[in-house]
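Novice: Got a structure for you, questions after.
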Amino acid sequence: MLHRLTISGMSCAGCVSSVETALQNVAGVTEASVNFAEHTAQVTGDVDAQQLIDAVSQAGYSAAELTGEEDASDREAIEQAYYKALLKKTMIAAVVGVPLFIGGMTGWFPGLNEAYGQGVWLAASVATLLVLVFSGGHFFTGAWKSFQNHTANMDTLIALGTGTAWLFSTIITIAPSLVPESARHVYFEAAVIIIALINFGSAMEMRARGKTSEAIKRLIGLQPKTARVIRDGQELDIPISDVGLDETIRMRPGERVPVDGVIIDGHSNLDESMLTGEPVPVAKAVGDEVATGTINTTGTFLFQSKRIGKDTVLAQIIDMVRTAQSSKPAISRIVDKVSSVFVPVVMIIAVITFLLWYNFGPEPKVSFTLLTTMTVLIIACPCALGLATPISIMVGVGKAAEFGVLIRNGDALQQAGRLTTIVLDKTGTITQGKPAVTSIVPVNGISEKDLLLCAASLESSSEHPLATAIVQAAKDKGLQLLPVTEFESVTGHGVKGNINGKPILLGNAHMLTRERIAVGSLQEEASRLAAKAQTPMYIAIANEVQGIIAVADPIKEDSKPAIQRLHRLGLKVVMLTGDNIATANAVAQQVGVDEVMAEVLPQDKDEKVASLQLNNEIVAMVGDGINDAPALARADVGFAIGSGTDVAIESADVTLMHGSLHGVADAIAISRATVRNIKQNLFGAFIYNTLGIPVAAGVLYPFIGVLLNPMIAGAAMAMSSVTVVSNANRLRLFKSGRSS
């Protein structure tokens, strides 16, 4: 069972580890993943949602279950309210902090040694305390909860830094004689301005972060609120939640399809770009499927509902995108481990900084010690580090969905960018998957009609695409199929059976060899047909070859340009097919693949993928997700070509909602852009902390006499997160190279 939770109270990447550990320790949980960027958790296992919520609460955070039915606008309203609250807290802190800062810099306020100086600074102490409670209370509450749970997080660092500054300033205000006169400097303005800057940074980060989930918001917004159903001869507009199975629903031009179903009357053109990424409307008639969220562009039709609620294609897509956005690639798991120990390490560095300055620093030691220790605590908050990976994953997965590419997990997104070889199935992948009979070559006096009749009768019991083409050709000519007895299908070779007491065989050259039947004079004709990318099949009656039926599967118009894109991405392209070598080579020559593996039995395809992997190739397999399931599972990344309404292809890591190979190139390009974006974010976050902490600790002071102001540290810390989120949002500008 899968549960999605919204988590509140998480302030940094260190919190992710605490929440994940709490969830994983619940009996029955098999997997738990926390997304810091979205503040959600996804938990799999035989467990009750309330148990998970209780576990999160005991860890010092708050949680609530997401049912998937929550309205996107409601959630957006909650986020907007929190955003405004952060701005209000920022303003209150700034109103108090800025005058204190300006007054301190200009000498407006009296010193502690002056007659009424203590009174002024006691008033400042009370004012800043109120600010710390109102504007920074959530930091101190979070720090206390972490302390109770024997952990430390960003709140701990901020609370320690600002709290120490306020406490020290208040103590020397009340009893200035406790420190030398040269050290009698208060830091009230630093405490409140730091709170203001961090709140402002959080608000800006939240605003930018909201853009990263626009893909989900758009998908949720695709489903109409109502549907027009026909009940007892009357047309009624009812809420989507009231629509049942097998309801008759009317669609008018311009309306979005409310649930999945099948057209029972009328015809139209539907814009399915939200599913497939393809802008050209698709013609639909009686018997065709329609999917939730697609737009009826022209005609009026009636359809019968077949999938509702969580079973619709749109709901499955939303679930897949959410799951992928919440999943963690290998690089993210490494960062999480670093982040989980980062805050304790920073606290140790702060203690070392305190001891060094207190014991070896110049006078006034107390002031220098407090200043450097506070600055280390403030600048080191690892928000940017925690956001670096998940924020990019969210945007990358969402962008892929816009192009009709559904990525199942973060590992697939990361691995797709490392691919070196793409293995393509031929039928339905490079070709249209709709073969048709192109040639009938009879010998020994048999007519074309009789040859086709025998072949179609035999193939009527087979489900192979080539068999379907032969049967359809017979139906088009009005032939009445004959009964077949003792039917047998030989995988990868052909079929055989008895018609009117005679043994009939239809298959490739391997089938004839297997049955010890001579090809005779037709070998040359078969080679000629194969050279034209037609698949020749021999027909033998009573153990004697009587002719050839050739079937061709047209190549998709965009297969060649898509393969050219894959080549430009530096990839080797291999075609893997069960077809004969001559036909396979003819197709390969037309589309420009680098290598052909032909006459491969379905059960052997995964071995071919494995052989490439043994040569240190990182391999993707592209197939239909059914016959190619073992090879898809064996590959480093499996791409399954869907039909626009079939997204539940379990064997693949990536599902292409349309049949174009451009989807593979899009997925790889998005993967590379996303991983590059993650590395940029991580580089920035690590450099920020690597350089920032030593400078904050005062490493430059002995050389150039410079110390970092804690207020500047607060601003830098706040803006580092905004920078990471803004960089991730650049992925939203990604454009497909399909037109190139």
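The values are calculated or read from the model by the stated rules, or taken from the named source; none is laboratory data. Here the structure is a predicted model, which is why all the values come from computation and not from measurement. FYI the Cβ positions are ideal-geometry reconstructions off the backbone, even for glycines, and counts take in every protein chain you see. Side chains included, ligands, DNA and RNA excluded: accessible areas come from the protein's heavy atoms. Shrake-Rupley method; radii C 1.70, N 1.55, O 1.52, S 1.80 Å.
Novice: Quick one: with all protein chains in place, what share of the accessible area of region 450-604 is carbon or sulfur, to the nearest percent (1.4 Å probe)? Walk me through the intermediate numbers first.
Specialist: Values: 3410 of 7150 Å².
Roughly 48 percent of what the probe reaches on region 450-604 is carbon or sulfur.
Novice: With each label point set 7 Å from Cα along the Cα-Cβ vector, what nm distance links residue 44 and residue 603?
Specialist: Going from the residue 44 label point to the residue 603 one covers 2.9 nm.
Novice: Follow-up question, since we're still on this one. Given charges of +1 on the Cβ of Lys and Arg and -1 on the Cβ of Asp and Glu, with all other atoms neutral, how large is the dipole of region 455-581 about its Cα centre, in debye to the nearest 20? Before the final figure, lay out each step's value.
Specialist: Numbers: 13 positive and 13 negative charges, 90 e Å.
Computed about the Cα centre, the dipole is about 440 debye.
Novice: For residue 79 and residue 448, calculate 0.36 nm times their separation in residues minus their Cα-Cα distance, and state this gained length in nm to one decimal. Walk me through the numbers before you get to the answer.
Specialist: Numbers: separation 369, 0.36 × 369 = 132.84 nm, distance 7.13 nm.
Contour length minus the Cα-Cα distance gives 125.7 nm.
Novice: Express the relative contact order of the chain as a whole percentage, based on alpha carbon pairs under 8 Å and six or more residues apart in sequence. Could the numbers behind the result be given before it?
Specialist: Values: 1477 pairs, mean separation 102.2, N = 740.
Over the chain, the number comes to 14 percent.
Novice: Now for a different question. Evaluate the Debye formula for the chain with equal point scatterers sitting on the alpha carbons, no solvent, and hand back log10 of I(q)/I(0) at q = 0.07, 0.08 Å⁻¹, in q order, two decimals.
Specialist: -0.64, -0.78
Novice: Could you check the simple spin-label distance between residue 225 and residue 515, using points 7 Å along Cα→Cβ, in nm with one decimal?
Specialist: 6.6 nm
Novice: Hey, what angle do you get for helix 117-134 against the long axis of the chain, alpha-carbon based, 0 to 90 degrees rounded to 10?
Specialist: 20 degrees
Novice: About its Cα centre, how strong a charge dipole does the chain have in debye, to the nearest 20, once Lys and Arg get +1 and Asp and Glu get -1 at the Cβ? All intermediate terms of the calculation are to be shown ahead of the outcome.
Specialist: Numbers: 56 positive and 69 negative charges, 431 e Å.
Dipole about the Cα centre, nearest 20: 2060 debye.
Novice: On to the next question. Determine the relative contact order of region 511-655: mean sequence separation of Cα pairs under 8 Å and six or more apart, normalised by residue count, in whole percent. Intermediate values should be presented prior to the final figure.
Specialist: Details: 216 pairs, mean separation 20.8, N = 145.
Result for region 511-655 is 14 percent.
Novice: Please give the length that would be gained between residue 147 and residue 569 if that part of the chain were fully extended, namely 0.36 nm times their separation in residues minus their C-alpha to C-alpha distance (nm, one decimal).
Specialist: So the chain would gain 146.9 nm between residue 147 and residue 569.
Novice: In addition: Compute the acute angle (0 to 90°) between the alpha-carbon long axis of helix 662-697 and the principal axis of greatest extent of the alpha-carbon atoms of the chain; round to the nearest 10°.
Specialist: The angle comes out at about 20 degrees.
Novice: Further, regarding this structure: Within region 539-571, name every residue whose backbone N is under 17 Å away from a label modeled 7 Å from Cα of residue 461 along the Cβ vector.
Specialist: Flagged as within label range: 540-543.
Novice: Given only helices, namely DSSP H runs of n ≥ 4 each adding -39500 (n - 2.57), what is the per-residue ellipticity at 222 nm of the chain, to the nearest 500 deg cm²/dmol?
Specialist: Computed mean residue ellipticity for the chain: -16000 deg cm²/dmol.
Novice: Quick one: what are the phi-derived ³J(HN,Hα) couplings along region 575-591, Karplus 6.51/-1.76/1.60 with θ = phi - 60°, whole Hz, x for glycine and proline?
Specialist: Ordered by residue, 3J(HN,Hα) equals 9, 10, 8, x, 5, 5, 5, 5, 5, 4, 5, 5, 5, 4, 5, 6, 9 Hz.
Novice: Okay, next question. Could you calculate, for region 1-46, the ratio of the Cα radius of gyration to the Kirkwood radius, expressed as Rg to Rh? Could you put the intermediate results ahead of the total?
Specialist: Numbers: Rg = 10.0 Å, Rh = 10.5 Å.
Rg divided by Rh gives 0.95.
Novice: State, to one decimal in nm, how far the label point of residue 333 lies from the label point of residue 64, with both points 7 Å from Cα in the Cβ direction.
Specialist: 3.3 nm
Novice: State the extension gain, in nm to one decimal, for the chain segment bounded by residue 248 and residue 113, taking 0.36 nm per residue of separation less the distance between their alpha-carbons. Walk me through the numbers before you get to the answer.
Specialist: On the way: separation 135, 0.36 × 135 = 48.60 nm, distance 8.61 nm.
Extending this stretch completely gives an extra 40.0 nm.
Novice: Shifting gears a bit: Determine which lysines satisfy two conditions relative to residue 502: a Cα distance under 18 Å, and not lying fewer than 8 residues away in the same chain.
Specialist: 449
Novice: Can you give me the C-alpha center-to-center distance between region 459-506 and region 117-164, rounded to a whole angstrom?
Specialist: For region 459-506 versus region 117-164, the Cα centre distance is 81 Å.
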